[in-house]
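The values are calculated or read from the model by the stated rules, or taken from the named source; none is laboratory data. Computed from a predicted model, the values in this text were never measured in an experiment. Reconstructed Cβ throughout: ideal geometry from the backbone, glycine too, with neighbour counts over all protein chains shown. What goes into the accessible areas is simple: the full protein's heavy atoms, side chains included, and nothing from ligands, DNA or RNA. Shrake-Rupley method; radii C 1.70, N 1.55, O 1.52, S 1.80 Å.
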Amino acid sequence: MILELLAPAKNKQCGIEAIRHGADAVYIGAARFGARAAAGNTIEDISQLCQYAHVFGAKVYVTVNTLLHDDELTDAAELLCQLKDIDVDAVLIQDLRLLDYAPEGLAMHASTQTDNRSVERVEEMAKLGFERVVVAREMPLEDIRTIKKKLPNLEIECFVHGALCVSYSGACYASEYCFNRSANRGECAQFCRLPFDLVDAEGKTIIYSKHLLSLKDMCRIDALEELAEAGVCSFKIEGRLKEEDYVKNVVAAYSQRLNRICEKSGGKYKRASRGKVEYFFRPDLRRTFNRGYTDYFLYGRKPGIENLITPKSVGMQVGKVKDRAKYWFSVATSEPFANGDGLCFIDEKKRMQGFRINKVEGNRLIPQKMPDDLKKGTLLFRNHDEAFTKLLQGKTAERNIEISMKLEVYSSKLVLSVDLGGKTIKQEMESETPFSAAQKPQTDNIIRNLNKLGNTPYVCNNIAVEWKEGTELFVPASLVSRIRQSCLMETTPHGVVKLPQQTSADNILHSASSILHSSEGILHSNETILMQCKHCIRYALGYCPKETNERQPWKEPLSLRMSDSRMFTLQFDCKHCQMNVLLHKM
């Protein structure tokens, strides 16, 4: 089974670094119609990324995964043709009408935005002709196994790391309603990261100003082998808005883990691309942006998937305050600190406070401003690791492809064969005049010349020279150089919408995509659902009726109240084990 590590690319350079650090594929947005409007890229940049990726047998997928207005279909169809022309490997879509516009030979993948939350939904996508489906982040492992048994030829792509949307992807309209920024048009304003009050039906405030919809980040690095056994072939890292340092660290960590899985599998698993990566740092997921980690619903519902205190990065726990003076403090830890480190802690009011270290003197840390609530025994986290960040800004990996060469020398002709590990390139080159007899041995000089690989990803440890005339001949070095360059040239990198007044079903921009929600049976003609969430606030507070008989200390329905007093009613759909966020009825 072929395993693919799929990494995000904010831009061409992020994509190159992802591949350099071990990704088998990257996904990137074009200039328009991507689910991250702030991460668009030109056709030229995507083309150059394809050229680089294909050297390593890595793939480039382009996201065209927003819902389209009717007058945008022609432009989107033209974009698909342009992407086909530059040899992208697949396109991820949300708008199902694009299936009718895809040029022949361009693979189409069903984006997570098509709301693939159930086995039945994935079956529908397969019937439509998708060769790969990105399953919902909420899908449990058992459902993935069922999909693979029912659809053995379908490629399953699954998120394994990164930020989590609280709503099912493709089923969120809160950002559009509140801020005129549609999540289904690539402009999400992150409604779910805001603080809310929780209010009951009598107006009683149950919880004040907490991030009730903000989830921790996903981390499934310890579940990769189980996911592979269940049938997942592509392991996807979220983060098309993330910078290079994040991509380098996360890709390296997951790539090394996949390599170990492949090595111990006895040939059962194999990586999807070629090339060996040498790392110049030790990846550590704790030291990069994270809100705390969860495996989410992979093994079923568990408590603690949310972070009520902050939607920002919490980072890595580094120890407790040992001593505190007026201008400095020390920490009981074995972790080193550096000038510029960012630290944070939870104060007595359950608020996250952050501050910057201005200077490190031995075991004393001197902040720019001493937090008033920092006390002896306070647990500290580092959410900005200055030394690690600087390390990641340098050269952190090198990816090479081992090749072998064979040069056959005839009386007036050279034939060079280069084995790229499964792919062989052969070139012939005629000499204007026959080669003369050599006065001294030529083999070593020719081998040195062939091994001048320069700015290429190739490493050659096996070069053979065969003298077809039975004796060594004098071959001009310029001719050897020309045939080497010609042979490798093919694979050398190049430089390297307002919310309608109707129900959620009518919020789809076109009738062809009404399939997105029709299969779940949870829509109500008299309600406008802004979000559909597997996360349940009632469960998180310990009052799930399936889990406890304890009486709830409030009168339902519950509502969320924003800081500007706008209200949103919570509907607990226990039949589907789901929480809906509705427009509040006065």
Conditions (1) open to solvent by less than 70 Å² (accessible area, probe 1.4 Å); (2) under 29 Å from the mean Cα position of the chain (by Cα); (3) under 30 Å from residue 53 (Cα atoms): number failed by residue 390: (1)
Matching helices (runs of 4 or more DSSP H) fully within the stretch 409-519 where at least 3 residues are at pLDDT below 90: 477-488, 515-518
Failed criterion for residue 149 (all others in (1) more than 19 Å from residue 65 (Cβ to Cβ); (2) crowded, with 23+ Cβ neighbours inside 10 Å; (3) not acidic (Asp, Glu) hold): (2)
Test set (1) modelled with pLDDT under 95; (2) of a type outside the set (Asp, Glu); (3) within 26 Å of residue 22 (Cα to Cα); (4) open to solvent by less than 10 Å² (accessible area, probe 1.4 Å) - residue 65 fails condition number: (4)
Strands (runs of 3 or more DSSP E) fully within the stretch 152-251 counting 2 or more residues that are of a type outside the set (Lys, Arg) and surrounded by fewer than 20 Cβ atoms within 10 Å (Cβ to Cβ): 205-210
Number of the condition not met by residue 55 [criteria: (1) open to solvent by 60 Å² or more (accessible area, probe 1.4 Å); (2) touching a Pro at 6+ places or on another chain (Cβ under 8 Å); (3) β-branched (Val, Ile, Thr)]: (1)
Close pairs from the stretch 397-411: first farther than 30 Å from residue 283 by Cβ and open to solvent by 10 Å² or more (accessible area, probe 1.4 Å), partner at pLDDT 95 or above and of a type in the set (Gly, Ala, Ser), Cβ under 7 Å, at least 6 apart: 406/464
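Just give me the residues in the stretch 197-221 being acidic (Asp, Glu) and either closer than 20 Å to residue 349 by Cα or out of contact with any Asp or Glu (no Cβ under 8 Å at 6 or more places or on another chain) (or both), in sequence order. Working first, answer last.
Let us first name the residues in the stretch 197-221 that are acidic (Asp, Glu), namely 197, 200, 202, 217.
Across the stretch 197-221, the qualifying residues are 197, 202, 217.
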Residue that is nearest to residue 44 (Cα to Cα) [pool: residues in the stretch 73-100 that are in a loop (DSSP other than H, G, I, E, B) and of a type in the set (Val, Ile, Thr)]: 86
Complete set of residues in the stretch 388-435 that are out of contact with any helix residue (DSSP H, G or I) (no Cβ under 9 Å at 6 or more places or on another chain) and of a type in the set (Asp, Glu): 402, 408, 419, 430, 432
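Mind telling me which of the residues 217, 200 ends up being farther than 18 Å from residue 138 by Cα and of a type in the set (Asp, Glu)? Break it down into steps so the answer makes sense when it comes.
Details: 217 fails: farther than 18 Å from residue 138 by Cα.
Criteria check complete, one pass: 200.
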Set 321, 314: member being touching a strand residue (DSSP E or B) at 6+ places or on another chain (Cβ under 6 Å) and closer than 23 Å to residue 191 by Cβ: 314
Matching entry among 358, 383 (being more than 31 Å from the chain's Cα centre (by Cα), at pLDDT 95 or above and open to solvent by 40 Å² or more (accessible area, probe 1.4 Å)): 358
Residue 9 being closer than 26 Å to residue 181 by Cβ, among the hydrophobic types (A, V, I, L, M, F, W, C) and open to solvent by 20 Å² or more (accessible area, probe 1.4 Å): no
